[in-house]
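Below: one structure, written as structure tokens.
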Amino acid sequence: MRDLYIPAKGMAHPHDSNRFNLLQAVGTFLSDAVPQQVCLIEGIAGYGKSTFNHYLARQLWSEYAHNETTAVIPLFISLFRVYSLYTRNGKPRHDSCFLF
């Protein structure tokens, strides 16, 4: 997978022309993060958000395997899949129970 992955670029704002290495920025965010702080990665469908997050999770697991005491444990949750389980045709399902 590493040979096929093209590093993602990020922007601080939608119309910002200044791009940066997203993996480095998220790595910095994770090392400097304070509790309750959230990193939101958003963008147009098909731009590679899920691919980036899968790659990031894989990288973090690799770091965790080499240094369990200081590494971050990644947890990838597909919000689309959670939403799909909770809804049927855009309406809440009555046969499902989710606690958030």
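The values are calculated or read from the model by the stated rules, or taken from the named source; none is laboratory data. Quantities reported herein were computed from a predicted structural model and do not represent experimental measurements. Cβ placement follows ideal geometry from the backbone for every residue including glycine, while neighbour counts extend to all protein chains displayed. These accessible areas exclude ligands, DNA and RNA; they are computed on the full protein's heavy atoms, side chains included. Shrake-Rupley method; radii C 1.70, N 1.55, O 1.52, S 1.80 Å.
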Worksheet item: under 20 Å from Ile77 (Cβ atoms), out of contact with any Pro (no Cβ under 7 Å at 6 or more places or on another chain) and open to solvent by 60 Å² or more (accessible area, probe 1.4 Å), is that true of Val38?
Response: yes
Worksheet entry | Yes/no for Leu30 being within 16 Å of the chain's Cα centre (by Cα) and open to solvent by less than 50 Å² (accessible area, probe 1.4 Å) | no
Worksheet, complete the sentence: Counted residues in region 44-70 being open to solvent by 50 Å² or more (accessible area, probe 1.4 Å) and outside any helix (DSSP H, G or I) come to 8
Worksheet item: If you go through region 1-35, how many residues are aromatic (Phe, Trp, Tyr) and closer than 22 Å to Leu75 by Cα?
Response: 2
